[in-house]
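Read the structure below first, then the notes.
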Amino acid sequence: MARGLRDIKRQIKSIQNTKQITKAMEMVAAAKLRRAQEKATAALPYSDKLKEVVGSIAAGTQGISHPMLEKREVKKTGYLVITSDRGLAGASNSNILRKVSNFIAERHQSKDEYCIFVIGRKGRDYFRRREMPVVEELTELSDSPTFGDIKAIANAAVGQYENGKIDELFVCYNRFVNALTQDPQVDQLLPMENIGGGVSVASYEYEPSPERVLEVLLPKYAETLIFSAMLNAKASELGAKMTAMGAATKNASKLISELTLTYNRARQAAITQEISEIVAGANAQQ
C-alpha cells in the first residue's frame, strides 16, 4: 500500500511539472499571438494600396497585357504550402496538409502535373514521406518573420510562373479567424484574373510607361500576398498553440484533482487498516 501511495504521489508531481510547462507555453504563445496579429494588420495598408495601383493600371490602360494577368492552358500547377516548424499546435498543420493533399488528388493524375514550394518543417517532412515533388523549401522561420525571410521562396514561386515553368500558382495556408478557429485555405494566386474589376481608375501619371510599371509591380504584389498569407499562417499557428496548451493545462489540473482524491482515499484506507491491525493485536493479548 505504501508503495502504491508513493507511485501516486510521484505521478501527481510529474503532472504538476507538466502543467507548469504547458501554462508557460500558453502564456508565451498568447504574447506572441498579439504581436503576430498586430504585424498582420500593419501589412494590410501596403498590400491594399499596391492592389489599388495595379488594378487601376490594368483597368485604365487600353490594350495592356501581362502574363500574370492572363489565363493560359494549364500544363503544370504550383502549390506554395505554409506550415510550421514545430508541433504542439493542435490540428493546425494536419488540417491544411489534409486539405492540400485532397485538392491535389482531385486535380492531378501524375506527379509531373504539379510541384510544391513548402514553408515549414512539418510540411516538408509530410511531402517528402509521400515522395511528392518539393522543388523549394524554407524552414527555421522565427515567430515574427520579415518579408526578407520569405522573399527567396516567394520570388522562386512567382518566377517559375513568369518563366512559364508553371501555369498557375496556389497559396495554401491557415487563415486566422480567432485563437479557437483557423480556416485552411487554398487560394489561387496566379494568374490574377479580373484584378482590375471593381477598382476605380485613378489619374496617375506613369514613368516610363504603364506597361513597365505593371511589369515591376505585379511580381511585388504577388510576393506581398504570399507574405500576408505567411503572417496569417503564423498567427494561426500561435493561436492554435495557445488553445492546445490551454486545454493541456486544464486537463492536467483535472487529472491532478482525480489523482489527489485517489491518493487521499488510499491513504485513508491504509490508516484504517493500520488501526484495525493495532486493535486486533491488542485484543489478541487480552
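The values are calculated or read from the model by the stated rules, or taken from the named source; none is laboratory data. Small disclaimer: the values here were computed from a predicted structure and weren't measured. Because the Cβ atoms are built from the backbone with ideal geometry, glycine has one as well, and the counts that use them run over all protein chains shown.
Per the conditions (1) touching a helix residue (DSSP H, G or I) at 6+ places or on another chain (Cβ under 8 Å); (2) not in a helix (DSSP H, G or I), the sole criterion not satisfied by Glu205 is (1).
Here Ala240 passes the criteria (1) surrounded by 18 or more Cβ atoms within 10 Å (Cβ to Cβ); (2) more than 26 Å from Glu38 (Cα to Cα) except the one numbered (2).
Any idea how many residues of the range 113-131 are of a type in the set (A, V, I, L, M) and farther than 16 Å from Asp149 by Cβ? Reasoning before the result, please.
Applying the first criterion (of a type in the set (A, V, I, L, M)) to the range 113-131 yields 116, 118-119.
Next, from what is left, pick out any that are farther than 16 Å from Asp149 by Cβ: 116.
Residues flagged as of a type in the set (A, V, I, L, M) and farther than 16 Å from Asp149 by Cβ within the range 113-131 amount to 1.
Go through the residues of the range 46-60 one by one and say whether even a single one is without any contact (Cβ under 8 Å) to a residue 12 or more places away in the chain and either farther than 22 Å from Tyr161 by Cβ or out of contact with any Gly (no Cβ under 6 Å at 6 or more places or on another chain) (or both).
So in the range 46-60, the residues without any contact (Cβ under 8 Å) to a residue 12 or more places away in the chain come out as 48-49.
From what's left, either farther than 22 Å from Tyr161 by Cβ or out of contact with any Gly (no Cβ under 6 Å at 6 or more places or on another chain) (or both): 48-49.
Yes, the conditions are met somewhere in the range 46-60.
Given the condition exposed (fewer than 14 other Cβ atoms within 10 Å of the Cβ) and over 21 Å from Leu225 (Cα atoms), answer yes or no: does some residue in the range 41-51 qualify? Checked against the condition, which is being exposed (fewer than 14 other Cβ atoms within 10 Å of the Cβ) and over 21 Å from Leu225 (Cα atoms), the range 41-51 yields no hits at all.
For the range 150-191, which residues satisfy the criterion of being of a type in the set (D, E, K, R) and within 16 Å of the chain's Cα centre (by Cα)? Don't jump to the end; show me each part of the working.
Step one: list which residues in the range 150-191 are of a type in the set (D, E, K, R), which gives 151, 162, 165, 167-168, 175, 183, 187.
Correct list: Arg175, Asp183, Asp187.
Please go through the range 188-205 and give me each residue that is at pLDDT 70 or above and surrounded by 13 or more Cβ atoms within 10 Å (Cβ to Cβ), ordered by number. If the condition is that a residue be at pLDDT 70 or above and surrounded by 13 or more Cβ atoms within 10 Å (Cβ to Cβ), then Leu189, Leu190, Pro191, Met192 are the ones that fit.
Cβ-Cβ distances below 6 Å connect the following pairs, each with a first residue in the range 91-107 that is charged (D, E, K, R), a second residue that is surrounded by 15 or more Cβ atoms within 10 Å (Cβ to Cβ), and a separation of six or more residues or different chains: Lys99/Pro184. Hey, can you tell me all the residues within the range 227-286 that are at pLDDT below 85 and either outside any helix (DSSP H, G or I) or among the β-branched types (Val, Ile, Thr) (or both)? Scanning the range 227-286 gives Ile271, Thr272, Ile275, Ile278, Val279, Gln286. Look at (1) free of Cβ contacts under 8 Å to residues at least 60 places away in the same chain; (2) buried (at least 20 other Cβ atoms within 10 Å of the Cβ); (3) part of a helix (DSSP H, G or I) and you find that Leu33 fails only one, number (1). Restricting attention to the range 41-74, the residues that are at pLDDT below 80, under 26 Å from Ser110 (Cα atoms) and either aliphatic (A, V, I, L, M) or not in a loop (DSSP other than H, G, I, E, B) (or both) total 2.
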